[in-house]
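Heads up, the thing below is written out as structure tokens.
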Amino acid sequence: MPGSCNVPWAWLCSARHPYEPPSRRGTMSVVAAPVILKLTPELAGILLSPEEFDAVEACDEFYNYELVHGVLVVAPPPDPGERRPNDRLGYLLQSYQNHHPQGAALDLTLPEHRILDLDSRRRADRVIWTGFGGIPNTRRDQPTIVIEFVSASKRDFQRDYVTKRDEYLQAGVLEYWIIDRFRPRMTVVRGGTEPVTEIIINEQDTYTTPLLPGFVLPLAQLLAVADAVKAAEHA
């Protein structure tokens with residue numbers, strides 16, 4: 001009979017398993033073929049280890065995948081009301097890095113980055129590395145700042161404001177920015193020291209942080225581009 005599959009859901013396994021015939025001299029040693037999984041929305045809720053999740057080589061790219069305490073979570077991609085202000089934030093950060101006298105404080109910023117925790121793999125809307133003195137190892141070095149643009153649903157609200165807040169701080173993130181176009185405001189959670197502090201930035205305010213000296217974030221600018229996208233969709 002075929003060699004046994006080490007994937008608990010056999011219909012997911014695309015590997016070819018070796019045939020191991022009986023041996024008169026004992027069990028034959030064989031090298032198992034690698035297990036290759038393709039993530040699809042139908043797999044939401046299955047259990048995966050972080051190692052299994054990290055080894056995935058293919059997925060349905062029309063969805064986002066996260067591992068939350070060993071459970072695969074599947075979600076639609078961010079809508080334009082989230083992506084457009086994220087693009088603008090990336091532009092502001094890049095401009096700061098390239099043109100401000102203290103712009104070298106920003107080592108790297110990336111959208112759609114995975115945050116690694118002990119049993120979870122979270123996808124953040126944008127991340128920033130500071131204080132490394134150069135390009136960080138994005139597979140190993142945890143970002144200094146993580147940014148999420150709040151989604152519309154109540155479940156996503158709970159995730160962004162509570163669940164991810166705790167997970168990111170536990171992972172060692174120093175600042176967590178929650179940009180909420182629905183309220184509208186930004187909440188900054190500062191960790192790294194006790195007690196954890198929260199700062200509310202109202203729509204017409206600007207935000208500065210010692211992690212990015214000289215950088216000024218005009219919140220109204222981000223919210224305005226999100227509103228413009230929404231208005232165009234309803235025109």
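Out of curiosity, is residue 164 farther than 19 Å from residue 215 by Cβ, out of contact with any helix residue (DSSP H, G or I) (no Cβ under 7 Å at 6 or more places or on another chain) and in contact (Cβ under 8 Å) with a residue 24 or more places away in the chain?
yes
Just for the stretch 185-202: of the residues that are touching a Leu at 6+ places or on another chain (Cβ under 9 Å), modelled with pLDDT of 95 or more and surrounded by 15 or more Cβ atoms within 10 Å (Cβ to Cβ), which one is nearest to residue 144 (Cα to Cα)?
So the residue we want is 190.
When only residues in the stretch 167-183 that are modelled with pLDDT of 95 or more and touching a helix residue (DSSP H, G or I) at 6+ places or on another chain (Cβ under 7 Å) count, which is nearest to residue 117 (Cα to Cα)?
176
Looking at the structure I just gave you, is residue 144 in contact with a Phe, Trp or Tyr (Cβ under 6 Å, 6 or more places away or on another chain) and farther than 16 Å from residue 82 by Cβ?
yes
Tell me yes or no: at least one residue of the stretch 64-71 is under 23 Å from residue 224 (Cβ atoms) and of a type in the set (Val, Ile, Thr).
No, the conditions are met nowhere in the stretch 64-71.
Would you tally the residues in the stretch 93-134 being crowded, with 17+ Cβ neighbours inside 10 Å and either outside the structural domain of residue 175 (by TED's automatic domain parsing) or assigned to a helix (DSSP H, G or I) (or both)?
Summing the residues that are crowded, with 17+ Cβ neighbours inside 10 Å and either outside the structural domain of residue 175 (by TED's automatic domain parsing) or assigned to a helix (DSSP H, G or I) (or both) in the stretch 93-134 gives 5.
Could you check residue 214 against (1) at pLDDT below 95; (2) within 19 Å of residue 95 (Cα to Cα) and say which number it fails?
Exception for residue 214: condition (1).
Which residue pairs have Cβ atoms under 6 Å apart, sit 6 or more places apart or on different chains, and have a first residue in the stretch 107-133 that is under 21 Å from residue 78 (Cβ atoms) and a second that is part of a strand (DSSP E or B) and hydroxyl-bearing (Ser, Thr, Tyr)?
Final answer for the pair search is 128/109.
The values are calculated or read from the model by the stated rules, or taken from the named source; none is laboratory data. In this text the structure is predicted, and so the values were computed from the model without any measurement. Ideal geometry is used to build each Cβ from the backbone, glycine not excepted, and the neighbour counts take in all protein chains shown.
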